[in-house]
Structure formats: structure tokens, C-alpha cells
1. Out of (1) surrounded by 12 or more Cβ atoms within 10 Å (Cβ to Cβ); (2) in the same structural domain as residue 166 (by TED's automatic domain parsing); (3) farther than 18 Å from residue 149 by Cβ, what's the single condition that is false for residue 13?
2. Tally time: how many residues in region 442-452 are crowded, with 20+ Cβ neighbours inside 10 Å and closer than 12 Å to residue 415 by Cβ?
3. Against the definition (out of contact with any strand residue (DSSP E or B) (no Cβ under 6 Å at 6 or more places or on another chain), at pLDDT below 85 and within 15 Å of residue 401 (Cβ to Cβ)), how does residue 494 come out, yes or no?
4. Would you mention how many residues in region 235-270 are part of a loop (DSSP other than H, G, I, E, B) and over 24 Å from residue 367 (Cβ atoms)?
5. Taking the condition closer than 30 Å to residue 194 by Cα and in contact with a helix residue (DSSP H, G or I) (Cβ under 7 Å, 6 or more places away or on another chain), does residue 126 pass?
6. If you check 439, 468, which single one turns out to be modelled with pLDDT under 90 and crowded, with 20+ Cβ neighbours inside 10 Å?
7. Only residues that are out of contact with any helix residue (DSSP H, G or I) (no Cβ under 8 Å at 6 or more places or on another chain) and surrounded by 12 or more Cβ atoms within 10 Å (Cβ to Cβ): list them for region 152-176, please.
């Protein structure tokens, strides 16, 4: 659908509406997602047990000569007759049905309780772990196998080999239950949750870079006509099909350019702007807009497929809940800042490798690093609210360590972060740890030429009654100060 017209301010751009890749939300796509997320491995294991049970039944029914010695030995020592076998299988089936119900109930309670404090990402992480899928498949598969074998027991047929298999698998699954319980407890620890988010965010960044490296950072087109591509659907923009996008733009001229307004991770409502297409003629711009509309993929749930910023947001929400005055747990906040610092450090070293071939006529602004600094600022805000000096000090240490590697525009953002924090410093008890962190970041900024900001930090320190002049021997090089912390080995804020 297209629209055109005029207003008092000038010409209104034509509009092309798109529902994106409609097949992405189809029921079979949802089913495939469920299989990949959790059900696939578990169902495959259950199906394997089912097929194994059918195969053993066929072999035992055939009364093969090579199987008789084993069957006779098992009958003498374990399952003397069909009544004993049936009783055993009844016990296993009933016990496993009860155990499965209890395990599922307890797991849901534990996950719900943990998610209430750390967010719904707990469910995603639990379902993503292969060992959880394997154990779920083992428990349900054992139950299915026991029921299947029990159905074959009769006065004339005693499936001793199949019953023995049920016995072996039951013992293994019960022993592994201890490992599963330990694993579940470990998975609920904040350190494990943060580590998983950290790894997932790095993986998402790799996928995002494969897209960023094929786009332009700045507009180049000289086209005079603009057509707006707007959303007819609603939901999160979870991905852009880069190969399909490249195919849609393969034969366009130098006047055509697609400027992305919505990036993966953006929530889009009806009629929100997705992109602008610039070309020499309106018909050409409209044609391109209609061609690329199907490359946008929307979903109800946000995904980290091409969206590492979602990982940053998960870390932020996790730390915000724990650091706020509702819980006042600085440990989680400090651990999250450590993870953020590592992510930003890796991305600064990694950079964006420019490929030799000509990029696609697509303009995409990569502002992930700025988003990481925004998260640090957000955590400093909640730390000020809850009076947690440890978290504030860790934010300042992160800025101090990263500052010399930041690009000029990101340095400006880091300075802004510190200056905003200083405006509320008079409401914060200035502990020695926080004082040392302020001293370090001021010294680093002064060494790197940001004298005005360094002076502002020193002025804020001097206004606090707890601030004091450090001995001269701890005023060392900026890089030495940056690697020290008041609570870590190797740094002392006073003479020993």
C-alpha cells in the first residue's frame, strides 16, 4: 500500500507497508523453534527408547537361538516368570510416573522462584543446556520403555531381556538424578547465569558483525526521492535476512540506498518506520522498498540471534534488580560490571573488519559500544539510589580501565557518564574504595588530556569531608592505577 500527498511543511514521502517475512511466525516455524530450543533432543531420546523396545520385542518373540543363553541366565537370576516381570515393570512405571511429576513440579517452582528475581532469561538458559534436554529425555524415555515392555508381558511371553534393559536404564537414570540436581543448583547461581549471558552475547555479536561488515556506516546515495518502509505488523524485529536483502539489492544502481531506522532488537508497532529507500525516481524507490520488505523478521519474543544488545539489557536488568534498595546485593552488580567490562574490551579489540568487496547499499549505524556505556550509567544510577558504594566504585574502575581504548566519541560519552554521577556524589557516603576509584579515573583522564573533567572529579572529591590527599608514592602511571583496586591484591592506597 502506498500513500502520497502534501502538507504545509512540504511533500510527504510515499509509504510502503510490509508485514515482514510472514513465514517466520508460521506454526511450523514455531514448532521447529520448540524442537531446536528444547524438545528436539528429548523427543529423539524418547523415540530411541521406543524403537529399542519394539526391536527387542521382535527379537525376543522370534526366540532366536543366539539369544536363548542370555534369556535363560536372566530368567534364573532376575525374572523367573512373567508374574515377577510384570510386577517389576508395574513398580518402575508407577514410580517413574510419580518421580517425573515431582521433578517437573519442583523444577518449575525453582525456575519460577529464580526468575522472579533474575528475570525470564532463566527459562531460556535452562532450556538451552544440552544436559537438561538429555536428562528429560532419559526420564521420559525410561517411563515409555517400561510401559511398552509391560504391555507385552503375558503368561506365554516373559520379556526378560527387555525387562533387564529397563532395570539397567532405571538404575542409570536414578544415579544421574544426583548429578542433575547438582547441575540445576549450579545453573541457578548468579555467576553461572552471568557467564551464560556473556557467552551468548559474544556469539550474537559475531552474527551481527557478519551483517555490519556488509553495510555502509554513512549514506552515499545522491538520489532525490525517498520512500518510507513502514511496518504493518507489530512485535520485535528479531533478524534481517542478509542474503535475501543482498539478492533484492543486487541489480540496483548507485542512486539506490536503504537506510535502516529499525535494527534487530527494536520493538515495532503498527506504522512504525523501518527504513528509508532513496533513489532518483519514486517508482524505483518504491520497487526496492517492496522487494526488501520481506527481509524483516518479527516475533513476539525478543531474540539474541542478531541482537547482542539484548544480552546487555539482560545483564542490566539482572544487576538492577539485585542492586536496587529492594534487595541491596552489590555482589551481583559487581559481577555484571566485570562481564560488561570484558565484553566492551573484547569488542574494542575486535573492531569491525572491513571486507574488500563493495558493501551493500545499506546504511546501518553500529552503536553497540555506546549501549554498553549506557548500561554502566544505568547501574551507577541504581547504585546511587541504594547507596551501594561498591557498585559505584566498580563502574568508575571500568571507565578508568577502558578509557584509553575508547574512540573520541565514546570518550565523550564516558566523560558524560562520570559527570552525571558526580552531580549526585554529595548524597553518597565517600568510602575509601569509592575515593580511590575517583582518584584513579581523574588521574587517567588528566594523563589523556581530559583536564576539565579531571578537575571536576577532583573538585567533587574535595567537597566531601571523607576525601583526603593520597601519599605521593601511590601516584603512579595511569595504566598501573587502572589495574589496581582497593580490594584486590597488588594495590595499596597507603604505605605498608
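1. Answer for residue 13: the failing condition is (2).
2. Going through region 442-452 one residue at a time, the tally reaches 4.
3. Details: out of contact with any strand residue (DSSP E or B) (no Cβ under 6 Å at 6 or more places or on another chain): yes; at pLDDT below 85: yes; within 15 Å of residue 401 (Cβ to Cβ): no.
Considered against the rule, which asks whether it is out of contact with any strand residue (DSSP E or B) (no Cβ under 6 Å at 6 or more places or on another chain), at pLDDT below 85 and within 15 Å of residue 401 (Cβ to Cβ), residue 494 comes out as no.
4. Filtering region 235-270 down to residues part of a loop (DSSP other than H, G, I, E, B) leaves 241, 249-256, 261-266, 269-270.
Next, only the ones that are over 24 Å from residue 367 (Cβ atoms) stay: 250-256, 270.
Total satisfying the criteria: 8.
5. yes
6. On the way: 468 fails: crowded, with 20+ Cβ neighbours inside 10 Å.
Answer to the check: 439.
7. 174
Matching residues to (1) in contact with a strand residue (DSSP E or B) (Cβ under 7 Å, 6 or more places away or on another chain); (2) within 20 Å of residue 148 (Cβ to Cβ); (3) modelled with pLDDT of 80 or more; (4) assigned by TED's automatic domain parsing to the domain that holds residue 272:
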position: 20; (1), (2), (3), (4): yes, no, yes, yes
position: 37; (1), (2), (3), (4): no, no, no, no
position: 49; (1), (2), (3), (4): no, yes, yes, no
position: 62; (1), (2), (3), (4): no, yes, yes, no
position: 69; (1), (2), (3), (4): no, no, yes, no
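The values are calculated or read from the model by the stated rules, or taken from the named source; none is laboratory data. Computed from a prediction, not measured in an experiment: that's the story for all the values here. Ideal geometry is used to build each Cβ from the backbone, glycine not excepted, and the neighbour counts take in all protein chains shown.
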